[in-house]
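J.: Take this structure first; my questions come after.
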Amino acid sequence: MTEETFVDFSTVRDLLLGAQERRGFLTYEQKAALQHAEWAASDARNGYRTEPKVFQGIFKELAELATFQKYPELAAKLAELMPMSAQDVRAVLASRRISVEDSEIDQALVIIRQHVGVE
């Protein structure tokens, strides 16, 4: 059985840049992934730069909440997207069609805002 590892776009970007340095080239698909990762990790996407340390902090704290213990992929998605409103959190959770208490959504938002530096 394999263990899932969730990473943010800045980590993907760094891994692809490292591969490019080692090999001297990237395949077409890798170049496309690198271009997307560079954009997604920048502040152009949601107003906040993605940092691996921030991603890991958010992910670890969200994963401790009851809902996200069952769905770690949703905790990773929220840690990457860093939503600032309850509506945005619900949009991510809608992909699994699960119901979540408003209090847990509020807890998730507090965690995200603390790590991003909004609160």
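J.: Quick check on Gln69: is it within 20 Å of Pro52 (Cβ to Cβ) and either out of contact with any strand residue (DSSP E or B) (no Cβ under 8 Å at 6 or more places or on another chain) or in a helix (DSSP H, G or I) (or both)?
T.: no
J.: Another one. In the range 78-91, which residue that is surrounded by 17 or more Cβ atoms within 10 Å (Cβ to Cβ) and among the aliphatic types (A, V, I, L, M) is farthest from the chain's Cα centre (by Cα)?
T.: Val89
J.: Checking Ala66 against (1) small (Gly, Ala, Ser); (2) touching a Pro at 6+ places or on another chain (Cβ under 8 Å); (3) touching a residue at least 24 places away in the same chain (Cβ under 8 Å), which test does it fail?
T.: (2)
J.: When Glu4 is evaluated against the numbered criteria (1) assigned by TED's automatic domain parsing to the domain that holds Ile105; (2) assigned to a loop (DSSP other than H, G, I, E, B); (3) surrounded by fewer than 17 Cβ atoms within 10 Å (Cβ to Cβ), which criterion, by number, is the only one it fails?
T.: Unmet condition: (1).
J.: Taking the condition of being outside any helix (DSSP H, G or I) and either in contact with a Leu (Cβ under 9 Å, 6 or more places away or on another chain) or surrounded by 10 or more Cβ atoms within 10 Å (Cβ to Cβ) (or both), how many residues in the range 19-46 meet it?
T.: 3
J.: Follow-up question, since we're still on this one. From Pro72, Pro83, grab the single residue that is in contact (Cβ under 8 Å) with a residue 60 or more places away in the chain, within 19 Å of His115 (Cα to Cα) and not assigned by TED's automatic domain parsing to the domain that holds Ala19.
T.: Every option except Pro72 fails the conditions.
J.: In the range 1-51, how many residues are out of contact with any helix residue (DSSP H, G or I) (no Cβ under 9 Å at 6 or more places or on another chain) and acidic (Asp, Glu)?
T.: The number of residues fulfilling the criteria is 4.
J.: Suppose we filter Ala94, Ala75 for residues that are surrounded by 19 or more Cβ atoms within 10 Å (Cβ to Cβ) and part of a helix (DSSP H, G or I); which single one remains?
T.: The unique qualifying residue is Ala75.
J.: Let me ask another. From Ala66, Ala94, Ala37, grab the single residue that is among the aliphatic types (A, V, I, L, M), within 21 Å of Thr5 (Cα to Cα) and within 17 Å of the chain's Cα centre (by Cα).
T.: When all the criteria are applied, what remains is Ala37.
The values are calculated or read from the model by the stated rules, or taken from the named source; none is laboratory data. All values reported here derive from a predicted model rather than from experimental measurement. So basically every Cβ, Gly included, is an ideal-geometry build from the backbone, and we count neighbours across all protein chains shown.
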